[in-house]
Every structure is written in C-alpha cells, then in structure tokens.
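The values are calculated or read from the model by the stated rules, or taken from the named source; none is laboratory data. Predicted, not measured: the structure shown is a model, and the values here were computed from it. For neighbour counting, all protein chains shown are included, and Cβ atoms are generated from backbone atoms with ideal geometry for every residue, glycine included. For the accessible areas, the whole protein counts, side chains as well, though only heavy atoms, and no ligand, DNA or RNA atoms are used. Shrake-Rupley method; radii C 1.70, N 1.55, O 1.52, S 1.80 Å.
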Amino acid sequence: MIDQIYRKAVLTVSGQKFVEDLVRKQGWGLAQRFVAGEEVDGAIAAVKELQTEGILGNLDLLGEFVASPDKANEFADKVLHLLDAAHAAGVMPYASVKLSAVGQGQTVDGQDLGLINARRIVGKAKEYGGFICLDMEDHPRVDQTLEQFRILAQEFGTQHVGTVLQSYLYRTEEDRNSLDDLHPNLRIVKGAYLEPESVAMPDKADVDASYRKLVYAHMKAGNYVNVATHDENIIEDVKHFALAHGIEKDAYEFQMLYGVRRDLQRELAAAGYRVRAYIPYGRDWYPYFSRRIAERPANVMFILKGMLKG
Ligand code: FDA
C-alpha cells in the first residue's frame with residue numbers, strides 16, 4: 001500500500017508543469033542513468049557494449065502521445081531510421097514502440113494512423129529479421145492496442161511482433177487467454193501508469209501474485225515469455241517453475257531496464273539465461289524518467305541530491 005501511495009504521489013507531482021520544466025532543465029545529466037543518449041548512435045553503442053556481456057538489446061525511441069498526424073508520421077520515420085541504423089551496424093533490429101506516438105486514435109483515410117505506421121515499422125523489422133514489441137500504455141488504450149496487435153501478428157507473424165500485458169489490471173488474465181490462439185510472444189510487466197482502483201489492483205501483493213500467475217499460464221501454454229521485472233523473488237520463482245515443468249531456457253527471457261539492476265542482468269546472463277535490456281534514447285525522456293523515479297523511493301533521493309549538487 002505504501003508503494004502505491006508513493007508511486008501515485010510521484011506520478012502526480014511529476015505531471016505538474018513547473019516540476020517538468022525544472023527537471024527538463026536540470027535533469028538530463030541524471031536521466032542518463034536510465035537513458036542511453038539523445039541520438040540513435042548512443043543507443044546502438046549501448047547495445048554493443050551490453051552484447052560484450054552476453055546481454056541483448058531492445059531499442060526504444062522515447063516518445064508518447066502526439067496529437068498531429070504529421071508529428072506521428074515523423075516519429076514513425078525516426079523509428080524506421082532506427083531499424084535501418086541498427087541493421088547497418090550489425091545489431092538485430094529489436095525495438096519497442098508506443099502506438100500513441102505513431103498516431104493511434106487519429107483517423108486518416110478511414111484508417112487508424114497508429115496501425116498504418118505500425119505496419120510500416122513491423123514490415124521493415126520483418127525485412128531485417130527483427131522484432132517489434134508494442135508497449136502497453138494506460139488502460140484506455142488496451143483494447144485498441146490488443147486489436148491492432150492481433151492484426152499485425154496475423155499479417156507479419158508473431159516472430160516479428162509482440163505486445164505487453166500488465167499484471168496490475170484486473171482484465172489481464174482474460175486478455176492473455178483471449179490471445180492464446182496466436183501463440184504470441186508476450187512481455188509481462190507489473191504496469192507503470194497511474195490507474196484508478198476501478199481497473200487496477202491497489203495492493204502490490206495482488207499485483208505480484210497476478211504477475212506470477214500470468215507468466216506461469218503463458219509458459220504452460222507453450223508460448224514465449226518475456227519476464228520483464230527486477231523483482232528477484234519473482235525471477236527465482238520463474239526459474240524454479242520452468243525447471244519443474246521442463247521448460248527450456250530458450251522458451252523465455254528476462255528483461256530489465258537499462259541502468260536498473262545491472263548486477264542482476266549480468267548474473268543471469270552468466271548463468272546461461274537469455275537477458276535483454278530495454279534501452280531508451282531520445283530527447284523526449286521526461287515521462288519515461290518520471291515513471292522510473294516513481295518505481296523506487298531511493299530514485300527520488302538520487303534526483304534530489306543530483307539537483308542540489310547543481
Ligand atoms: P517492483 O516495482 O516490485 O520492483 C522490484 C525490485 O526492483 C525492487 O527492489 C525495486 O526497488 C527494484 N526496481 C524497480 N524499478 C526500479 C527502478 N526504476 N530503479 C531502481 N530499482 C528499481 N510498464 C508498462 O506499463 N508498459 C510497458 O510496456 C512496460 N515495458 C517494460 C519493459 C521492461 C523491459 C521492463 C523491465 C519494465 C517495463 N514496464 C512497462 C515497467 C513495469 O510495468 C514496472 O513499472 C517496472 O518494471 C517496475 O516493476 P518491477 O517489476 O521491477 O517490480
């Protein structure tokens with residue numbers, strides 16, 4: 001409960017314009033703990049560095065909801081550029097995309113612009129043998145994101161596109177069941193948005209229990225699972241569950257965020273588990289950075305100390 005109150009407080013405060021202006025002005029140095037750079041070169045360099053430790057990369061151009069079709073198309077072009085640059089650098093074009101950033105919810109010629117742009121992006125990833133994960137955003141977007149994921153999976157194949165389910169939403173168990181026919185590659189997360197109690201579990205113990213349930217169900221159904229968490233107890237339990245059910249190490253992977261628990265990422269990779277770091281980059285780092293701060297009280301101290309140092 002304390003965790004939830006803390007998270008809610010940070011997300012509410014960080015949504016204030018003056019806080020955003022202040023942190024944007026002074027915070028880039030601090031944000032670099034979680035963000036691999038403002039340009040694509042920095043992100044690709046980060047992937048290459050992690051590769052030397054046996055850790056894979058998941059590139060993410062930072063950006064969230066945009067209201068204009070031009071901006072959405074521009075953002076999608078930048079993602080295409082990222083895929084080209086990764087391919088040219090010999091890095092697998094594995095990336096994450098928020099559909100709101102490429103036009104989801106805006107209609108152009110009778111079609112959803114998010115889907116139009118996602119087709120371009122997933123198509124390009126497929127051409128290079130890559131993979132796109134559709135990040136999951138706040139709850140009003142879940143229906144449309146899952147519908148669009150289904151369309152893309154049918155058009156391009158689940159080896160080239162996946163999506164995310166959040167264990168804090170009451171609806172998620174049903175959503176996972178409803179996707180089983182596709183045998184999708186899913187990333188399971190706890191959920192990072194400020195959601196009302198009518199849709200999301202307020203108690204962390206319930207979110208954690210739901211997380212385990214979702215991962216186990218997806219594994220048992222024979223699907224590839226991205227276990228995206230820094231929670232060591234859950235990671236241990238997943239390893240034991242897989243062992244007990246004869247699920248091989250290549251049927252799932254652990255995913256963590258760039259700059260978070262690097263020690264654990266290295267330890268798992270050294271033990272022969274597949275590990276992938278989510279590597280964000282770009283100029284629009286503030287919302288991503290705020291969510292990371294909201295996840296852990298120690299992170300807010302890190303910010304305050306850094307800002308006081310100037
Ligand atoms: P939990 O919050 O219980 O933390 C477990 C442990 O990890 C604690 O010891 C905690 O202190 C430490 N920890 C967690 N976050 C930390 C941080 N930022 N800094 C330092 N320590 C930290 N969410 C979403 O809604 N949609 C999405 O698409 C994604 N995508 C995504 C991809 C990947 C690869 C990851 C790892 C996470 C996401 N998330 C996400 C975010 C996710 O929903 C969740 O907010 C964070 O992963 C934090 O929750 P944990 O599972 O780590 O557990």
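With a probe of 1.4 Å, find how much accessible area the chain has per residue, and write the answer as a whole number in Å². It would help to have the intermediate numbers written out before the result.
Details: 14020 Å² over 310 residues.
Result: 45 Å² per residue.
Using a 1.4 angstrom probe on the protein heavy atoms only, could you order ARG7, ARG33 from most to least accessible area? Let's see the in-between values first.
Numbers: ARG7 40, ARG33 80 Å².
Accessible-area ranking of ARG7, ARG33, largest first: ARG33, ARG7.
Size of the range 81-180 from its Cα atoms: along the principal axes, largest to smallest, the extents are 42, 31, 22 Å. Near ARG187, the amide H atoms lying under 5 Å from its own belong to THR163, VAL164, LEU165, ASN226; only residues 5 or more places off or on other chains count, and H is placed 1.01 Å from N. Let a ≥ b ≥ c be the square roots of the eigenvalues of the Cα gyration tensor of the range 8-164; is it rounded (a/c under 1.5), or, if not, prolate (a/b larger than b/c) or oblate? Here the range 8-164 falls in the oblate category.
For the chain, state the semi-axes of the equivalent ellipsoid (square roots of 5 times the eigenvalues of the alpha-carbon gyration tensor), sorted largest first and rounded to whole angstrom.
Numbers: eigenvalues 133, 120, 92 Å².
Largest first, the chain gives 26, 25, 21 Å.
Please state the relative contact order of the chain as a whole percent: Cα pairs under 8 Å, 6+ residues apart? Could you put the intermediate results ahead of the total?
Values: 488 pairs, mean separation 76.2, N = 310.
In percent, rounded to a whole number, it is 25.
Taking all protein chains as they are arranged and a probe of 1.4 Å, the heavy atoms of SER210 leave approximately 20 Å² accessible to solvent.
For the range 214-299, the list of chymotrypsin sites (Phe, Trp or Tyr not before Pro) that fall in a loop by DSSP and count at most 13 other C-beta atoms within 10 angstrom is empty.
Note on the range 38-86: the C-alpha convex hull projects to 3.6 nm² when averaged across all orientations. Counting only heavy atoms of the protein chains and using a 1.4 Å probe, MET219 has close to 10 Å² of accessible surface.
Provide the net charge surrounding ARG212, with neighbours chosen by a C-beta distance below 14 Å and charges set as Lys +1, Arg +1, Asp -1, Glu -1. Display every interim value, and only then the final one.
Values: positive: ARG176, LYS190, LYS204, LYS213, LYS220, LYS239; negative: GLU173, ASP206, ASP208, ASP231, GLU232, GLU236, ASP237.
That works out to -1.
Restricting attention to the chain, close to 10% of DSSP beta bridges with both partner residues there are antiparallel.
Taking Cβ atoms as reference points and 13 Å as the exclusive limit, the residues near VAL91 contribute a net charge of -1, counting Lys and Arg as +1 and Asp and Glu as -1. The portion of the accessible surface of the chain made up by carbon and sulfur, rounded to a whole percent, is 54 (1.4 Å probe; DNA, RNA and ligands excluded).
Here the Kirkwood formula puts the hydrodynamic radius of the range 1-101 at 15.8 Å, using every distinct Cα pair. Averaging 1/r over every pair of different alpha carbons in the range 95-253 and inverting the result gives a Kirkwood radius of 16.2 Å.
Over the chain, DSSP H runs of length four or greater, each weighted -39,500 (n - 2.57), average out per residue to a 222 nm ellipticity of -16000 deg cm²/dmol.
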